[in-house]
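Undergrad: Pasting in a structure now, in structure tokens, and then I'll have a few things to ask.
The values are calculated or read from the model by the stated rules, or taken from the named source; none is laboratory data. Given the structure is predicted, the values throughout are model-derived calculations rather than measurements. Heads up, the Cβs are rebuilt from the backbone with ideal geometry, glycines too, and the neighbour counts pull from every protein chain shown.
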Amino acid sequence: MLAAAGVDGTDGSDGVAGQDGVNGTGFSSAVHVDATGLTTGYLTISGSDFDDTMIMGGGGSLIYDTQGVDTYTLGAGDDVIKFSLNDLGDLDVVNNFDATADALDLSDLLDVQSLTDQTLGDYLQMGGTDGQTLQVDLDGAGSNWQDVVTLDTTINLLEMLSNNQIIV
Ligand SMILES: [Ca+2]
Ligand SMILES: [Ca+2]
């Protein structure tokens, strides 16, 4: 059987459509990852456009948030979650967040060079019923807050900023 024309296997169009896993949008259903058995080793990971569940190992990770209401359970290492502008409509959930070690990468959301103690409150606040939902105002006008993620712990944004745990 001759190979089908125009499918090169590198861009999500090889064989089974959209399921080669090369990019985060290539999956056709939710991705479930359980890396709890990994005590070392850094993970760089992203999911699908659906509601993914990802449990990190102990070696730290960089998670690229995708569309869908995803649940990320962090491990013992230093984890970084990079949020995506096109996922702002979906309120993700992060469990086991370490307010002294894990980081929130908001560089795709905020078009600013840096945040200071003075400007942070224009762009970011903690809200929700329990004050554990990170909310962003994209233009810093303080009038259009959008939910980004709900954490399972209370965090202090100013402390996280000074500790380089908020990345813009
Ligand atoms: Ca997703
Ligand atoms: Ca998401």
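Undergrad: Just name the residue that is surrounded by the most Cβ atoms within 10 Å (Cβ to Cβ) out of those in region 66-114 that are polar (S, T, N, Q) and within 15 Å of ligand 2 (Cβ to nearest atom).
TA: This residue is T66.
Undergrad: Could you check region 69-104 and list, in sequence order, the residues that are away from ligand 1 (no atom under 16 Å from the Cβ) and either of a type in the set (D, E, K, R) or in contact with a Cys (Cβ under 9 Å, 6 or more places away or on another chain) (or both)?
TA: The answer is D78, D79, D98, D102.
Undergrad: Just to be sure I understand, how many residues within region 34-50 are within 14 Å of ligand 2 (Cβ to nearest atom) and without any contact (Cβ under 8 Å) to a residue 24 or more places away in the chain? Break it down stepwise before answering.
TA: So in region 34-50, the residues within 14 Å of ligand 2 (Cβ to nearest atom) come out as 45-50.
Next, only the ones that are without any contact (Cβ under 8 Å) to a residue 24 or more places away in the chain stay: 45-47, 50.
So the count comes out to 4.
Undergrad: Follow-up. So, of the residues in region 52-65 that are free of Cβ contacts under 8 Å to residues at least 24 places away in the same chain and in a loop (DSSP other than H, G, I, E, B), which turns out to be nearest to ligand 2 (Cβ to nearest atom)?
TA: D52
Undergrad: Then there's this: In this structure, does A30 turn out to be within 16 Å of ligand 1 (Cβ to nearest atom) and at pLDDT 95 or above?
TA: yes
Undergrad: Inside region 127-138, can you point out the residues that are farther than 18 Å from I81 by Cα and either crowded, with 17+ Cβ neighbours inside 10 Å or in contact with a Cys (Cβ under 7 Å, 6 or more places away or on another chain) (or both)?
TA: Answer for region 127-138, where residues must be farther than 18 Å from I81 by Cα and either crowded, with 17+ Cβ neighbours inside 10 Å or in contact with a Cys (Cβ under 7 Å, 6 or more places away or on another chain) (or both): just D137.
Undergrad: Being among the charged types (D, E, K, R) and under 18 Å from D108 (Cβ atoms) is true for just one of D51, D34, D79. Which residue is that?
TA: Just a single option satisfies the conditions, and that option is D79.
Undergrad: Could you identify the single residue in L124, L158 that is crowded, with 18+ Cβ neighbours inside 10 Å and hydrophobic (A, V, I, L, M, F, W, C)?
TA: Working: L158 fails: crowded, with 18+ Cβ neighbours inside 10 Å.
Within the list L124, L158, the selection yields L124.
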